[in-house]
Amino acid sequence: MKTKKLKGGFTPYITADEKLLVTVSRNTAYVYDLESGKLQQSVKSLSNLSETAVSGDKKLLAVKNTSGMIALISLESGEEIGRCAMERREGDKIVFTHDDGGVLDFDWDGRTMFLDCTGVKHQILDGPTNVVLGRLPKTVSMHYDVYSDRIYRIMADEMAGGNTKGRAQVSPADIGNIDYQTVREFDSIPDRLHGLSFCKTHNYYVDWKKNLLIKTDKNFAEAARMELPSAWKPATGTLYDRIWISEGEKYLFVDFGKQCDPRDYEAYETAPSLSSLYTLADMEKIADFDYEYVSDFLMFDEDRRFVLATWKGSYLGTL
């Protein structure tokens, strides 16, 4: 299996036409041509970059940092057009509107916001204007789903140990019609830290306590359950950190993390890392990887190619 190391990692972004890849490291965004794997340009902007998006006409790059600030950059000149602090709250992935007139942004307090590309001013479309600590319910994660053109919001009734009750809500990704409706109530909400994937025709999440992979329709109605290997679930905890399902639902990627007892701090520093790619249908292992600090995994080109992102760089590969 061929892989090529790229600059930048963390949370890679692939354009809808699968022509460009954007990775980040600290204050720099790297834009790659996916066909050749060559770096097209690098752009310095905000410190602590976390999310990126490219406009449909590929003229603008939006970058977001861990303080929630968004900057707009011209991909033609490489110059920054402007920046906005938004609501100064870290959040989830960003996306340009279909007309490229603005950026939809989602933060961890449950806000859906719109950043106008012309005036570089933002407005809150949905969610709290004033946040009170301890406010319930708590937004756990938000996600724009390119396949259904909707926004998902996972809400928890409380953030406590054990099973966390809550719900999944969806809204049209239309700035004039943001309207979240509950599509499913959960006794234990999907946990993206262990695995939550939005694929072309289904969603998947991990029930790590029961060691199950749950397949649902796009409204989170359960469609099937798959038992994960029993070796992945010892008496306490799990042996994996996170699971991803490929967009075409052909493969399962699992990050097992450092191969040592996490309580052994001295061994943790030098212990090898392990992540693996399997076929989803029969769990046949395709490959093992030893890259440290895996942060994301994306597949594209009908699940024939992948980007494996880490905190120290990304790896572009072909099956």
Give the residue that is modelled with the highest pLDDT, with candidates limited to residues of the range 260-271 that are open to solvent by 50 Å² or more (accessible area, probe 1.4 Å) and more than 25 Å from the chain's Cα centre (by Cα).
T270
Do we have any residue at all in the range 60-76 that's among the small types (G, A, S), modelled with pLDDT under 95, at negative phi and in a strand (DSSP E or B)?
no
Going through the range 182-216 in order, the residues found to be farther than 14 Å from I245 by Cβ, in a loop (DSSP other than H, G, I, E, B) and out of contact with any helix residue (DSSP H, G or I) (no Cβ under 8 Å at 6 or more places or on another chain) are D187, S188, I189, D191, L193, W208, K209, K210
Subset of the range 219-259 that is in a strand (DSSP E or B) and free of Cβ contacts under 8 Å to residues at least 12 places away in the same chain - its residue that is least open to solvent (accessible area, probe 1.4 Å)
A224
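Look at the range 1-34 and say how many of its residues are among the acidic types (D, E) and either modelled with pLDDT under 95 or in a strand (DSSP E or B) (or both).
In the first step, residues of the range 1-34 are kept if they are among the acidic types (D, E); the result is 17-18, 33.
So of that shortlist, the ones also either modelled with pLDDT under 95 or in a strand (DSSP E or B) (or both) come out as 33.
The number of residues fulfilling the criteria is 1.
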Among L21, L34, which is touching a Lys or Arg at 6+ places or on another chain (Cβ under 8 Å) and either buried (at least 20 other Cβ atoms within 10 Å of the Cβ) or of a type in the set (A, V, I, L, M) (or both)?
L34
Note: among S276, S314, just one is hydroxyl-bearing (S, T, Y), part of a strand (DSSP E or B) and in contact (Cβ under 8 Å) with a residue 40 or more places away in the chain, namely S314
Among the residues in the range 102-118, are any free of Cβ contacts under 8 Å to residues at least 24 places away in the same chain, within 21 Å of the chain's Cα centre (by Cα) and open to solvent by 20 Å² or more (accessible area, probe 1.4 Å)?
no
Give the range 82-128 a look and list any residue that's acidic (D, E) and under 17 Å from V54 (Cα atoms), or say none.
D92, D99, D100, D105, D116
Residues satisfying the stated conditions in the range 62-71, i.e. within 14 Å of V22 (Cα to Cα) and either in contact with a Gly (Cβ under 9 Å, 6 or more places away or on another chain) or open to solvent by 10 Å² or more (accessible area, probe 1.4 Å) (or both):
K64
Looking at the range 174-211, which of its residues are open to solvent by less than 20 Å² (accessible area, probe 1.4 Å) and either over 14 Å from I154 (Cα atoms) or among the basic types (K, R) (or both)?
C199, V206, N211
With D92, D149 as the choices, which residue is open to solvent by less than 20 Å² (accessible area, probe 1.4 Å), in contact with a strand residue (DSSP E or B) (Cβ under 8 Å, 6 or more places away or on another chain) and either under 24 Å from N177 (Cα atoms) or without any contact (Cβ under 8 Å) to a residue 12 or more places away in the chain (or both)?
D92
Is it the case, given these coordinates, that L46 is in a loop (DSSP other than H, G, I, E, B), modelled with pLDDT of 95 or more and hydrophobic (A, V, I, L, M, F, W, C)?
yes
Tally of residues being farther than 21 Å from H194 by Cα and open to solvent by 20 Å² or more (accessible area, probe 1.4 Å) across the range 287-302
2
Considering residues of the range 134-170 that are in contact with an Asp or Glu (Cβ under 7 Å, 6 or more places away or on another chain) and among the hydrophobic types (A, V, I, L, M, F, W, C) only, the residue modelled with the lowest pLDDT
L136
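The values are calculated or read from the model by the stated rules, or taken from the named source; none is laboratory data. Everything numeric here is computed off the predicted structure, so don't read it as measured data. Here the Cβ is made from the backbone with ideal geometry for all residues, glycine too, and neighbour counts use every protein chain on show. Just the protein is used for accessible areas: all its heavy atoms, side chains included, with ligands, DNA and RNA removed. Shrake-Rupley method; radii C 1.70, N 1.55, O 1.52, S 1.80 Å.
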